[in-house]
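Data block below; observations after.
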Amino acid sequence: MNIEVLAETAVDDVESRATLDKAMRATRMIFLVSGFAMASWAPMVPYSKARLHLDDADLGLVLLAFGGGSMLSMPVIGWLASRYGNRRVISYAGALMGVALPMLALVPTTAWLAIGLLYFGAMLGAVDVAMNAHAVDVERLKGHAVMSGFHGLFSLGGLAGAAAMSALLASGLPLLACALLVSLVIAVILISQQASFLRTARATSDASSAPSFVFRLPRGLLLLVGALCFVSFLAEGSMLDWSALLLREFHGYSAASAGLGYACFSVAMAIGRLSGDRLVARLGSVWTVRAGATLAAAGFLVSALLPWQTTALLGFVLVGLGAANVVPVMFSAAGRLPNALPAVSIAAVTTLGYAGLLLGPALIGFVAHATNLPTALAVVAALLLLVAASAKVVRR
């Protein structure tokens with residue numbers, strides 16, 4: 001009898017490991033495909049601008065709908081994922097996300113473009129919350145850090161999505177055909193991985209006892225983690241919106257080569273995240289955030305305050321390496337907060353993070369207007385040092 005029990009336990013252990021391995025693979029793929037889908041939109045922007053005859057100001061206003069859709073959907077998605085499970089939200093929102101790109105290729109007016117971007121942002125935000133909550137569940141079952149690796153695959157997906165869409169457009173295919181091909185890739189990946197997501201993704205088993213949706217502002221530790229995410233996303237957004245201008249106006253780069261700064265940052269961040277799980281295992285969560293935020297702050301100061309061209313690019317590399325694992329560790333910390341559902345907590349900190357991504361570059365612009373851009377980026381460095389000083393919040 002004891003032998004039979006041991007045999008059944010061994011079989012259960014093997015099945016559990018196999019299920020977890022499949023869930024790991026599915027989580028990696030959804031992070032990859034999310035980055036792939038988001039970045040595929042970037043090469044389509046000039047086509048939409050030309051087709052709808054938009055000037056820069058009009059385009060800037062329309063693009064706000066993308067981030068706005070994400071921020072509006074996240075609090076609701078946190079509740080839905082907690083009630084119905086991350087697996088369902090990822091499956092449905094992922095399918096709806098894939099429809100957005102062909103729709104954006106067809107929109108006939110500026111108003112419809114704004115609606116399409118609002119929809120696309122909402123679906124991406126839904127996938128973002130559910131996949132991070134699912135990643136927290138996988139990390140908990142694995143028993144060691146895996147979140148940075150997932151975010152590294154998101155970065156790789158972003159590089160792949162931009163490159164793939166650019167290559168398709170360069171081949172001469174119509175914009176709609178390119179968007180449909182990208183959507184087909186997204187659909188194939190989602191369908192192939194759907195059954196591998198964890199079924200017990202912290203969904204409430206009894207729908208009647210599930211909490212009703214009520215929007216509440218985060219507070220306590222959740223608010224602190226969200227504020228730190230705000231700063232971290234602000235730093236990433238400043239790289240996207242201000243790095244080329246810094247190289248062009250303060251370091252003498254040509255307009256054609258000013259994009260090298262963001263490329264250096266992006267590659268360094270991808271490398272940092274793909275190696276981040278080993279770093280967290282060696283240093284621990286607190287020191288990963290502390291050292292990473294400090295290194296990113298140093299990178300901003302090197303880029304902003306030293307006059308040489310090579311040091312500017314070196315600074316962007318330091319920012320990418322330093323900031324790479326701060327947000328993944330923060331998301332893991334949010335998912336472990338006591339007396340809170342992981343999906344709801346992650347929705348709150350992600351919403352605050354996206355606020356930093358959207359509002360941060362504008363705030364930097366105001367500071368730069370009052371002083372200059374290097375000074376404004378030095379302020380970002382000071383905020384990152386505050387993140388480093390607050391790193392104990394992520395302690396397990």
Next on the checklist: Can you tally the net charge around Thr27? Count Lys and Arg as +1, Asp and Glu as -1, for every other residue whose Cβ sits under 12 Å from the Cβ of Thr27.
Outcome noted: +2
Next on the checklist: I'd like the orientation of helix 175-193 relative to the chain: the angle between its Cα long axis and the longest Cα principal axis, in ° from 0 to 90, rounded to 10.
Outcome noted: 30 degrees
Checklist entry - If you average over every viewing direction, what projected area does the convex hull of the Cα atoms of the range 220-394 give, in nm²? => result 9.5 nm²
Next on the checklist: Give the average over all directions of the projected area of the C-alpha convex hull of the chain, one decimal, in nm².
Outcome noted: 21.5 nm²
Item to check | Order of Phe316, Phe250 under a 10 Å beta carbon neighbour criterion, fewest first | outcome: Phe250, Phe316
Checklist entry - Across every pair of different alpha-carbon atoms, what Kirkwood hydrodynamic radius in Å does the range 2-201 reach? => result 17.9 Å
Item to check | Projected area, mean over directions - the range 28-70, Cα convex hull, nm² | outcome: 3.3 nm²
Checklist entry - Any idea what % of Cα-Cα pairs in the range 91-134 are farther than 16 Å? => result 36 percent
Checklist entry - In degrees, nearest 10, range 0 to 90: what is the angle between the Cα axis of helix 326-335 and the longest Cα principal axis of the chain? => result 30 degrees
Checklist outcome for this item: Quick note on Trp79, Trp112, ordering by fewest other C-beta atoms within 10 Å, gives Trp112, Trp79
Next on the checklist: Quick check on the exposure proxy: order Asp128, Asp55 from fewest to most C-beta atoms within 10 angstrom.
Outcome noted: Asp55, Asp128
Checklist entry - Based on Cβ point charges of +1 for Lys and Arg and -1 for Asp and Glu, what charge dipole magnitude is obtained for the chain about its Cα centre, in debye rounded to the nearest 20? => result 560 debye
Item to check | Helix 285-305 vs. the chain, principal-axis angle (Cα, 0 to 90°, nearest 10) | outcome: 10 degrees
Next on the checklist: With unit charges on the beta carbons (Lys and Arg positive, Asp and Glu negative) and the dipole taken about the Cα centre of the range 230-324, which residue among Gly322, Val231, Val280 sits farthest to the positive side?
Outcome noted: Val280
Checklist outcome for this item: Per-residue ellipticity at 222 nm attributable to helices in the chain (runs of n ≥ 4 DSSP H, -39500 (n - 2.57) apiece, nearest 500 deg cm²/dmol) works out to -28000 deg cm²/dmol
Checklist entry - If we count every other residue with Cβ under 14 angstrom of Phe36's Cβ, Lys/Arg +1 and Asp/Glu -1, where does the sum land? => result 0
Checklist entry - Rounded, prolate or oblate: which one fits the range 121-171, using the alpha carbon gyration tensor with axes a ≥ b ≥ c (rounded when a/c is under 1.5, else prolate when a/b beats b/c, else oblate)? => result oblate
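Quick note: the coordinates plus some simple rules give every number you see, no bench work behind them. These numbers were taken from a predicted model, which means no experiment stands behind them. We place every Cβ from the backbone using ideal geometry, glycine too, and count neighbours over all the protein chains shown.
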